[in-house]
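Trainee: I have a structure I would like to understand better, so I am pasting it below and will then ask my questions one at a time.
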Amino acid sequence: MDDSIGSRFYCCFRCRKIIAAHDHTVDKSFLAWRGRGFLFSHVVNVVEGPKADRLLISGTHMVADVFCGDCGEKLGWKYEKTYEQHHKYKEGKTVLAKSKITKAFDSTFY
Ligand SMILES: [Zn+2]
């Protein structure tokens, strides 16, 4: 990646629970709600809402909202299924809104 020095993590902006590692960032230029979002291959300490088809900017996808496992704040969504070939790489990955996560430097990820 670009400027990573050591291990960097992203936490829930509200309760500071660690949600994702910088190393698991797939795409940093995603659109999430009204702001930027990051696409992660792997997230931890979250709970998923029910799966539903949703019309997003890039088309219809089956997604599940993702909430902080600690404080319940809605952080983003997970792509459960995509219907177009060029979106397949998103399946099983999670978008976290940049406004809902905050950077942390910590070694206690798990
Ligand atoms: Zn939280």
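Trainee: Once the other residues with Cβ under 15 Å from the Cβ of residue 83 are scored (Lys, Arg +1; Asp, Glu -1), what is the net sum?
Mentor: Details: positive: 51, 54, 81, 88, 90; negative: 53, 80, 84, 91.
Computed value for this residue: +1.
Trainee: Okay, moving on. Using θ = phi - 60° and the Karplus curve 6.51 cos²θ - 1.76 cosθ + 1.60, what whole-Hz ³J(HN,Hα) does each residue of segment 19-34 get, with Gly and Pro shown as x?
Mentor: For segment 19-34, the Karplus-derived couplings read 10, 8, 9, 4, 4, 9, 6, 9, 8, 9, 10, 7, 9, 9, 6, 9 Hz, x marking Gly and Pro.
Trainee: Ignoring ligands, DNA and RNA, what percent of the 1.4 Å accessible area of the chain is carbon and sulfur?
Mentor: Working: 3140 of 6140 Å².
For the chain, the apolar C and S fraction of the accessible surface comes to 51 percent.
Trainee: Short version: what are the Cα gyration tensor semi-axes of the chain, square root of 5 times each eigenvalue, largest first, in whole Å?
Mentor: For the chain, the ellipsoid semi-axes come out as 23, 16, 12 Å.
Trainee: Let me have the relative contact order for the chain, percent, based on Cα pairs under 8 Å that are six or more residues apart.
Mentor: It rounds to 30 percent for the chain.
Trainee: Ok, one more. How much accessible area per residue does the chain have, counting only protein heavy atoms and a probe of 1.4 Å, in square angstrom?
Mentor: Accessible area per residue, the chain: 56 Å².
Trainee: I want the local charge near residue 22. Using Cβ-Cβ distances under 9 Å, sum +1 for each Lys or Arg and -1 for each Asp or Glu among the other residues.
Mentor: +1
Trainee: A further question on this structure: Which peptide among 47-59, 77-89 comes first, and what is the full order, when sorted by highest mean count of other Cβ atoms within 10 Å? Walk me through the numbers before you get to the answer.
Mentor: On the way: 47-59: 11.6, 77-89: 15.0.
In decreasing order of mean packing, 47-59, 77-89 become 77-89, 47-59.
The values are calculated or read from the model by the stated rules, or taken from the named source; none is laboratory data. Since this is a predicted model, take the numbers as computed values, not measurements. Cβ: placed from backbone, ideal geometry, glycine included. Neighbour counts: every protein chain shown. Accessible surface areas use protein heavy atoms only, side chains included; no ligands, DNA or RNA. Shrake-Rupley method; radii C 1.70, N 1.55, O 1.52, S 1.80 Å.
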